[in-house]
Amino acid sequence: MNAPIAALNPAHVSYVLRIADGSLILAQRLSECCGHGPALEPDIALTNIALDLLGQARLLLSHAGALEGQGRDEDALAYWRDASQFHNPTLCELPNGDFAQICLRTFFYVAWQAQLWTALSASKDAALAAIAEKSSKETRYHCEHLAGWVVRLGDGTADSHARMQRALNYLLPYTNELCVDDDIDLAAAAAGIGPLPSSLNDAWTAQVQAVLAEATLSLPASTPFRSSGRRGQHSEAMDYVLAEMQSVARAHPGAQW
């Protein structure tokens, strides 16, 4: 039997769980789109992105459970934590809205992930670095695909442009949370586990703004608003996400299938 993996510091588990929770909750949201896309190709593409995000979440949750050393596996961490114990960005839990909003919200997050995976490839946590290396390849495809739809809709018809502009005005303030550092991030960075979120901001902003410019979209005025999902303080939407995601496991605890 392999020896348990030791966490480098108390923030190590929390840092990994945050990344896992973002992938898990966005995967759950995207799974709601299955069968509801505007055409077969984007419907299947969104479903595949959801599956890739779920795969990331499974690897990260399993790793967090091993670091924690309390016997909790990926299922326990996914299905038996309450909303305040999840630390995903609020952006990931927001209701889907129309196709423009779904594409832009997902693009914002996977573009941030792309920067994160690159930085995590140098992590002193070898397992986390390996997950980042695997995830980086699929995330590059996600970014390209979703950026294409943002441009196609933004620089499309008057209606599609208006829808994408509304999505941008609504969603952009929620991205303020992505690149804010706190004590968990500072401890993880000091131990060489992963980057400070703030260190990803410039590259993420450059990538996103280039796509928005090509899509002929106008950036809304900046706002001091900052959501707090990464601190476990969620929107009311989070309870609905978890109620659906966790209902079967909680109705049949310990079930095997």
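Determine, for Val208, Val248, the number of other Cβ atoms within 10 Å of each Cβ, and report the residues in order from fewest to most.
Going from least to most buried by this count: Val248, Val208.
Among Leu200, Trp149, Pro220, which residue has its Cα positioned farthest towards the positive end of the charge dipole of segment 109-232, with +1 placed on the Cβ of Lys and Arg, -1 on the Cβ of Asp and Glu, and the dipole taken about the Cα centre?
Trp149
Averaged across orientations, what area in nm² does the convex hull of the alpha carbons in the chain project? Mind showing how you got there, number by number?
Numbers: hull surface 56.0 nm².
Projected area, direction-averaged: 14.0 nm².
What ³J(HN,Hα) values, in whole Hz, does the Karplus curve 6.51 cos²θ - 1.76 cosθ + 1.60 give for segment 147-161 when θ = phi - 60°, with x put for Gly and Pro?
Karplus-based 3J(HN,Hα) across segment 147-161 equals 4, x, 6, 4, 5, 4, 7, x, 9, x, 6, 4, 5, 5, 4 Hz.
Since every read-out is calculated from the coordinates, none of them should be taken as a lab result. Not measured: the values here are computed from a predicted model. Cβ: placed from backbone, ideal geometry, glycine included. Neighbour counts: every protein chain shown.
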